[in-house]
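Engineer: This is the structure I want to talk about, given as C-alpha cells.
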Amino acid sequence: ATGTAMVEFASFDVPEGSNRGEVRISPPDSLPADDASHFTLERRDPYRLLFLRESGEDGELYYLRNALGAEADSPWVLDARTPSEGLSLPMNSYAAVILSNVDKLPDALVGEVRTLLERGGGLLITMGNHFPAPAFEQQMKELWPAKALERRMLTRDAERLVLLGEFEKDHPVFRDME
C-alpha cells in the first residue's frame with residue numbers, strides 16, 4: 001500500500017499495433033483509486049531509414065549505424081546506398097531519408113524524396129567536404145530552406161571544418177521558431 005514494486009512481463013507476445021494493459025495491486029488498499037496503473041505497448045516493424053552517401057564515403061555511416069544500434073531492440077533499420085542506387089528502391093517503404101554530404105541527386109530521386117515528405121516522411125541533410133554544392137542546393141531548394149556559402153577551417157592546422165551559410169527565415173519550417 002505504501003511501497004513500490006517492479007513488474008516484468010517475460011516470455012509473452014503481443015499482437016501488432018497498440019495494446020492496452022493494466023497492472024493492479026491485490027488486495028486493494030485504503031485508497032483504491034491508485035490501485036491500478038494503465039499502460040500501452042506498441043508492437044510494430046522497425047522504422048526503415050535510407051542513408052544516401054557518395055561512393056566510398058562511409059565515415060558518417062559508421063557512426064550513425066553504431067548510434068542507432070546501441071540499443072538492443074533498436075527501432076531503426078538503416079539501409080545505406082549511393083544516390084544512383086537509391087533510384088531502384090521503393091521510397092514508400094522508408095520512414096526517412098538521410099542525405100549525407102551528397103554532391104547531387106538523380107533528378108528522379110528528388111521527386112521520390114518530395115513524395116516521401118508529402119506523405120509524412122522525414123529528411124535529414126548533413127553537410128561536409130562536398131559543400132558548398134550548388135547543383136544539389138538548386139535541386140533541393142523547395143525542400144531545404146538553406147544555402148551553404150563557404151567553407152572555412154577553424155584552426156590553423158585545419159583540423160575542424162565549418163560550413164557557413166544562410167537560411168530563409170520566412171520558410172514554413174521555421175515559422176514557429178523565435
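Engineer: Condition test on Arg20, is it modelled with pLDDT of 85 or more and among the charged types (D, E, K, R)?
Structural biologist: yes
Engineer: If you go through the range 85-100 one residue at a time, do you hit one that is within 23 Å of Gln139 (Cα to Cα), charged (D, E, K, R) and touching a strand residue (DSSP E or B) at 6+ places or on another chain (Cβ under 7 Å)?
Structural biologist: no
Engineer: In the range 1-32, which residues are among the small types (Gly, Ala, Ser), open to solvent by less than 100 Å² (accessible area, probe 1.4 Å) and either touching a residue at least 24 places away in the same chain (Cβ under 8 Å) or touching a Pro at 6+ places or on another chain (Cβ under 8 Å) (or both)?
Structural biologist: Gly17, Ser18
Engineer: Hey, could you check the range 83-101 for residues that are under 18 Å from the mean Cα position of the chain (by Cα) and hydroxyl-bearing (Ser, Thr, Tyr) and say which is nearest to Ile125 (Cα to Cα)?
Structural biologist: Ser100
Engineer: Only one of these conditions is not met by Pro132: (1) at pLDDT below 65; (2) surrounded by 15 or more Cβ atoms within 10 Å (Cβ to Cβ). Which number is it?
Structural biologist: (1)
Engineer: A further question on this structure: Criterion first (open to solvent by less than 80 Å² (accessible area, probe 1.4 Å), at pLDDT below 75 and part of a strand (DSSP E or B)) does Leu164 satisfy it?
Structural biologist: Yes; evaluated as a whole, the condition is true for this residue.
Engineer: Tell me the residue from Ser55, Ser30, Ser37 that is under 30 Å from Gln139 (Cβ atoms), over 18 Å from the mean Cα position of the chain (by Cα) and among the small types (Gly, Ala, Ser), please.
Structural biologist: Answer to the check: Ser55.
Engineer: Here's something else I'd like to know. Can you pull out the residues in the range 1-45 that are of a type in the set (D, E, K, R), closer than 30 Å to Trp76 by Cα and touching a strand residue (DSSP E or B) at 6+ places or on another chain (Cβ under 8 Å)?
Structural biologist: Hits for the range 1-45 are Glu16, Arg20, Glu22, Glu42, Arg43, Arg44.
Engineer: Before we move on, is Glu42 at pLDDT 90 or above, over 20 Å from Phe131 (Cβ atoms) and under 21 Å from the mean Cα position of the chain (by Cα)?
Structural biologist: no
Engineer: I would also like to ask the following. What's the number of the only condition in (1) modelled with pLDDT of 85 or more; (2) under 32 Å from the mean Cα position of the chain (by Cα) that Ser11 fails to meet?
Structural biologist: It fails just one condition, (1).
The values are calculated or read from the model by the stated rules, or taken from the named source; none is laboratory data. Quick caveat: nothing in here was measured; it's all calculated off a predicted structure. So basically every Cβ, Gly included, is an ideal-geometry build from the backbone, and we count neighbours across all protein chains shown. Note: areas computed on protein heavy atoms with side chains; ligands, DNA, RNA excluded. Shrake-Rupley method; radii C 1.70, N 1.55, O 1.52, S 1.80 Å.
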